[in-house]
Amino acid sequence: MENILLGFANAFKFVNLVAAFLSVAVGIVIGSLPGLSAAMGVALLIPITFGMPAETALIALAGVYCGAMYGGSISAILLHTPGTSSAAATAIDGYQMTLKGQAGKALATATIASFIGGILSSVALYTLSPPLASLALKFGPAEYFWLSIFGLTIIAGVSAKSMLKGLISGALGLVLSTIGMDPMLGIPRFTFGNNGLLQGLPFTATLIGLFSMSQVLLLAEKKIKDLKGSREVKDKVYLSKDEIKRITPVSLWSAIIGIVVGILPGAGGTIASFIGYNEAKRFTKDKEAFGTGIIEGVAGPEAANNAVTGGSLIPTLTLGIPGNSVTAILLGGLVIQGLRPGPDLFTIHGKTTYTFFAGFVIVNILMLILGLFAVRLFAKVSKVSDAVLIPIIFALSVIGSYAISNNMLDVWVMFIFGIVGYFVKKFNLNSAAIVLALILGPIGETGLRRTLIMHKGNYMALFGSTISWVLIGISVLSLMTPVIMSIIEKKKSKAN
Amino acid sequence: MKKVDMLLGFILLAICGFFYFMISRLPEKAILYPIFVTTVLLILTLIHLITTYLKKEDEESNAFKGLEIKQLLFVIATSGLYVVLINIAGYVTSTVLYVLSTLFGLKVSKKASALISIGFSICIYVLFKILLKVPLPKGFII
């Protein structure tokens, strides 16, 4: 309890409040611009937060994450084009409300539901993280090896459109993670004599390439659209007491679903919002009205996708397994700040972690305030043309990749990975799995080789503990999930 | 998508080949792990190639159809030139030129292009260099 209160006292420092406010605003803008993603925003922000105190940096990253998750609803409601894929379900009823002249009401619903989702997920963050982190105390090198395998199988198995392509993405990331110094022998691998690559591929530059520059190319391959014809917010951004009563139970239930989906690696905001939408439909008496523009149809997905934010941070901070691309990048930000996921975050670095948690609560409150009072402004920004975004995002990507080590090599790495990231998306591979493999690869390699050295090359040492077997079991299960699901679906359709 | 997937398979094979070649130049005690992960990628690639080969053709979902190729190549080219120019002209000058030429190429009006490129570059300079003290790439100008 003392830690929690201390965290709030620190989070209310002026610099942290400013960081929270600005990052939420930037996040909402990024989220509301169709074509830009939360991952892109967080990747670009990492180098800027490099020089900040760890807690301020983490609050800023969380601010962009939460803001972008919510911001996606603005263009979903006004343009029928979700700003982020997580807001796709919001567009169904949200845009119908706009057509009825209730855009303000739809935006207010999205804001309040997102707030409920975000706050409830922060409760989960406070309560579930410490016990899960203490589990990591029991991990030795062999367990870390299996943990990295588990992280890779689950993200590759669940998130890609095709499991094989998900696994290929993970394997490609593992191959790329061997670039740099051999962790045990100190021999340079695939560095072409370049000292800048001894520490491995420059992580932030690679991320910015994969998520930001690739986005620039995806915008450039399409005909530039004119967004001036989008709808205006004519009514008040306001909900009556009765309406708030109507959306509260739906939002609470969807938020719980969002938290659970967030904790499960590989699922993420898009899946959560569609489940949230369906649950809202199940919860509401007037099911026929869904799809014609009702507030429950907006509240369900929005509460669910913002609840994913806190949920997805739990496995990231405790076990070092990020569930989606944004948390994979956030994990990179954590490591850059010298913090390692696990029990240390709640003991040695308790001050930083609890300040970050309190900051996460503040970020959600600021999101509510900005959403209710400044949404018209954000709506105007969401109409910025792609033609303007293309050079601006690339120029920011250049600064971002240069800033960490003041090295032009990093900028070229970003440029190359921007093109790689573009093809990764075009070939339906999974960028998040590649990033995860870049993070987990060295952990797995060190775990594997340390175990073998400690046991004089005896491979059976990898199977020595119960935790190892549990991790192997759930890795196999995660690979089997798509197969099991398709068998169940087939049986269901036969039964019908 | 079949053709595209076959292309992906061959690109991955080339990547595996490249890494195998590079591994052969490493000292023997350091090759075990890189060989292991490259072989995993190779096996998955071969499975991908075989399953794709056996699949029926479906032309409709080709991800590379209907693209604005000229526009895409223009953006890649200007962006590459921009990175080259930074070391010569400095970040601010090259950013003005890059944003201006890209906006102009993407058919934004002359006046708006000029305003955005200069306004953006000034904002970046003030925000990063002065407020956040983030170093900008240097050149002969600024």
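The values are calculated or read from the model by the stated rules, or taken from the named source; none is laboratory data. Just so we're clear, the structure is a prediction, and the values are computed from it rather than from any experiment. All Cβ positions, glycine included, derive from the backbone under ideal geometry; neighbour counts span all protein chains shown. Note: areas computed on protein heavy atoms with side chains; ligands, DNA, RNA excluded. Shrake-Rupley method; radii C 1.70, N 1.55, O 1.52, S 1.80 Å.
I'm checking a number: the convex hull volume of the Cα atoms of the range B:2-61, normalised per residue, in Å³. What is it? Let's see the in-between values first.
Values: hull volume 3.6 nm³, N = 60.
Taking the convex hull of the Cα positions in the range B:2-61, it is 60 Å³ per residue.
Which order do you get for A:Cys66, B:Cys123 if you rank them by accessible area with a 1.4 Å probe, largest at the top?
B:Cys123, A:Cys66
Would you mind calculating the gained length between A:Ile488 and A:Tyr459 on full extension (0.36 nm times residue separation, minus the Cα-Cα distance), in nm to one decimal?
Working: separation 29, 0.36 × 29 = 10.44 nm, distance 3.65 nm.
That pair, A:Ile488 and A:Tyr459, stretches by 6.8 nm at full extension.
Hey, what did chain A get for relative contact order, percent, Cα under 8 Å, at least 6 apart?
Here the relative contact order equals 29 percent.
Test of understanding: in a Gaussian network model of chain B with alpha carbons linked when under 10 Å, which of B:Ile88, B:Ile116, B:Ile31 would top the mean-square fluctuation ranking?
Result for chain B, Cα springs under 10 Å: B:Ile31 fluctuates most.
Among the lysines, which have Cα under 29 Å from the Cα of B:Lys111 when same-chain residues fewer than 8 positions away are ignored?
A:Lys222, A:Lys223, A:Lys225, A:Lys228, A:Lys380, A:Lys383, B:Lys70, B:Lys129, B:Lys138
Report the residue, chosen from B:Lys129, B:Lys29, B:Lys70, that carries the largest GNM mean-square fluctuation when chain B is represented by alpha-carbon nodes joined by springs under 10 Å.
Answer for the Gaussian network model of chain B: B:Lys29.
Going highest first, how would you order A:301-308, B:79-86 by mean Cβ packing within 10 Å? Spell out each step's value before the answer.
Values: A:301-308: 38.0, B:79-86: 18.5.
Sorting A:301-308, B:79-86 by mean packing, highest first, produces A:301-308, B:79-86.
Roughly how crowded by other chains is peptide A:394-402, in terms of the mean Cβ count from those chains within 10 Å of each of its Cβ atoms?
The mean count of partner-chain Cβ atoms within 10 Å per residue comes to 6.
For the range B:50-90, list whatever residues lose no less than 40 Å² of accessible surface once every protein chain is in place, relative to that chain by itself, with the probe at 1.4 Å.
Flagged in the range B:50-90: B:Phe64, B:Leu67, B:Glu68, B:Gln71, B:Leu72, B:Val75, B:Ile76, B:Val83.
So what are the ³J(HN,Hα) numbers for the range A:414-420, from phi and the Karplus equation (6.51, -1.76, 1.60; θ = phi - 60°), rounded to whole Hz, Gly and Pro as x?
Using θ = phi - 60°, the values come out as 4, 4, 5, 6, x, 5, 4 Hz.
What do you get for the angle between helix A:386-403 and the principal long axis of chain A? Use alpha-carbon atoms, 0 to 90 degrees, nearest ten.
For helix A:386-403, the angle is close to 30 degrees.
From other protein chains only, count the Cβ atoms within 10 Å of every residue's Cβ in B:128-139, then give the mean.
Per residue, the number of nearby Cβ atoms from other chains is 4 on average.
What is the Cα centroid distance between the range B:1-56 and the range A:92-144, reported in whole angstrom?
Cα centroid of the range B:1-56 versus Cα centroid of the range A:92-144: 39 Å apart.
At 10 °C and 1.306 mPa s, grab the translational diffusion coefficient of the range A:434-473 from Stokes-Einstein with a Kirkwood Rh over Cα pairs, rounded to a whole number in µm² per second.
Rounded, D is 144 µm²/s.
In whole Å, largest first, what are the principal axis extents of the Cα atoms in chain B?
For chain B, the Cα extents along the three principal axes come out at 55, 48, 24 Å.
Looking only at other chains, what is the average number of their beta-carbon atoms within 10 angstrom of each beta-carbon in A:174-182?
For this peptide, the per-residue mean of nearby foreign Cβ atoms is 5.
Taking the mean number of other Cβ atoms within 10 Å as a proxy for protection, how do you rank A:389-399, B:89-99 from highest to lowest?
Details: A:389-399: 24.5, B:89-99: 22.1.
Highest mean packing first, the order is A:389-399, B:89-99.
Which of B:Glu57, B:Glu28, B:Glu68 moves most in a GNM of chain B, Cα contacts under 10 Å?
With Cα springs under 10 Å in chain B, the top fluctuation among B:Glu57, B:Glu28, B:Glu68 is at B:Glu28.
Quick one: net charge of A:Met52's neighbours, Cβ under 14 Å, K/R +1, D/E -1?
Summing Lys/Arg as +1 and Asp/Glu as -1 gives +1.
Just from its helices, what would the mean residue ellipticity at 222 nm be for chain A, if runs of 4 or more DSSP H residues each count -39500 (n - 2.57) and the sum is divided by every residue, rounded to the nearest 500 deg cm²/dmol?
Taking each H run of at least 4 residues, the total per residue is -24500 deg cm²/dmol.
Any idea what angle helix A:141-159 forms with the longest principal axis of chain A, computed on alpha-carbon atoms, 0 to 90 degrees, nearest 10?
40 degrees
If you take the Cα Rg of chain A and divide it by 2.2 N^0.38 Å, with N the number of residues, what do you get?
Values: Rg = 22.2 Å, N = 496, 2.2 N^0.38 = 23.3 Å.
For chain A, the normalised Cα radius of gyration is 0.95.
Please list the non-local residues whose amide H lies under 5 Å from the amide H of A:Arg189, H modeled 1.01 Å from N, same-chain partners needing a gap of 5 or more.
Under 5 Å from the amide H of A:Arg189: A:Gly180, A:Met181, A:Asp182.
Go through the range A:171-178 residue by residue and turn each phi into a ³J(HN,Hα) via Karplus (6.51, -1.76, 1.60, θ = phi - 60°); whole Hz please, and just put x for glycine and proline.
Values, residue by residue: 5, 4, x, 5, 4, 5, 6, 7 Hz.
Taking the alpha-carbon centroid of each part, what is the distance from the range A:2-37 to the range A:439-496 in angstrom?
Distance between centres, Cα-based: 37 Å.
Starting with the highest mean, order A:236-247, A:207-218 by the number of other Cβ atoms within 10 Å, averaged over the residues of each peptide.
Going from most to least packed, we get A:207-218, A:236-247.
In Å, what Kirkwood hydrodynamic radius results for the range A:268-355 from the alpha-carbon pair distances?
Over the range A:268-355, the inverse of the mean reciprocal pair distance is 14.8 Å.
For the protein assembly as shown, build the charge dipole from Cβ charges (+1 Lys, Arg; -1 Asp, Glu) around the Cα centre, then report which of A:Trp146, B:Gly66, A:Pro47 sits farthest towards its positive end.
Value computed over the given set: B:Gly66.
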